[in-house]
Amino acid sequence: MSVILRAAAVSDRGRVRENNEDAVHAGPRLIAVADGVGGGPSGEIASEIVIRTLAEMDTDPPPRSLAEAVAAANQRLREAIQADPTLEGMGTTLTAMLAHGDTLELAHIGDSRAYLWRDGKLTQLSRDDTFVQGLVDQGLISSAEARVHPQRSVVTQAMHGAVIEPSYTSVTPRPGDKFLLCSDGLSDYVDVEAIAQTLGSIEDLEECARALVDLALAADAPDNVTVVVATPEF
Ligand code: MG
């Protein structure tokens, strides 16, 4: 058995930012969201380089392992910075899901997120590389407090062309599952109940992705907001 993904993506600059530093890919074998950081245009460059490299995995069979693709993307960031030192400091998050055989492999670094909606329940598949997640893990604050913490945007790990420790996990998909990848422009401003309700109530993937972005826009979307909604096909 071999699984593929049916996916829809929407990315919006939001109501405040003048550029969109998020980048996204939604294909039959790979979905990915990257949220760039850096001065000037460099955040956009970083997320674009990483998504373009990961998109090479959207073939059957994939040309290399997901971990190799992440390492290659990080290497390309390093080369871009070496070629143009003004790009020093640029980086990006990455949350990517690859259909491989009968499983879905997930690679994650930074604070973009992956969720699984299954049987009416929403589960976060990724763990944020953030300062506040560290506080949650130590039992010092709750997840709800983390969402409004003044230092919630402090990311402890991202792709910068230097040494990285991404996390990898895999999921065995079931019929009816919905997967959501999103940048923090969604998850920081729209609560999980509203996300779950939207995933559960809108069948059309394009419409569902649009509705999620609209929730962020309705919350004044101070950040760029990007979502991919996908279902497995067997
Ligand atoms: Mg963001």
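Histogrammed with a bin width of 5 Å, the alpha carbon distances of region 128-234 distribute as 2, 11, 17, 19, 19, 18, 11, 3, 0 percent, first bin at zero. Evaluated at q = 0.14, 0.15, 0.24, 0.29 Å⁻¹, the base-10 log of the normalised Debye intensity for region 4-43, with identical point scatterers placed on the Cα atoms, takes the values -0.39, -0.44, -0.82, -0.99. Helical content alone sets the calculated 222 nm signal of the chain at -9500 deg cm²/dmol, taking -39,500 (n - 2.57) per DSSP H segment of four or more residues and averaging over every residue. Relative contact order, whole percent, for the chain stands at 29, derived from Cα pairs under 8 Å and 6 or more residues apart. Quotient of the Cα radius of gyration of region 4-233 and 2.2 N^0.38 Å, N being its number of residues: 0.95. Count Lys and Arg as plus one, Asp and Glu as minus one, and take only other residues whose Cβ is under 15 Å from that of L116; the net charge is then +3. In a reduced charge model with +1 at each Lys and Arg Cβ and -1 at each Asp and Glu Cβ, the chain shows a dipole moment near 280 debye about its Cα centre.
Build a GNM of the chain with springs between Cα atoms under 10 Å apart, and of R76, R15, R64 the one that fluctuates most is R64.
Shown in residue order for region 146-152 are the 3J(HN,Hα) couplings computed by the Karplus curve 6.51 cos²θ - 1.76 cosθ + 1.60 at θ = phi - 60°: 4, 5, 10, 5, x, 9, 5 Hz (x for Gly and Pro).
None of the figures in this text is laboratory data; all of them are computed from the coordinates on show. Quick caveat: nothing in here was measured; it's all calculated off a predicted structure. Backbone-built Cβ (ideal geometry, glycine too); neighbour counts: all protein chains shown.
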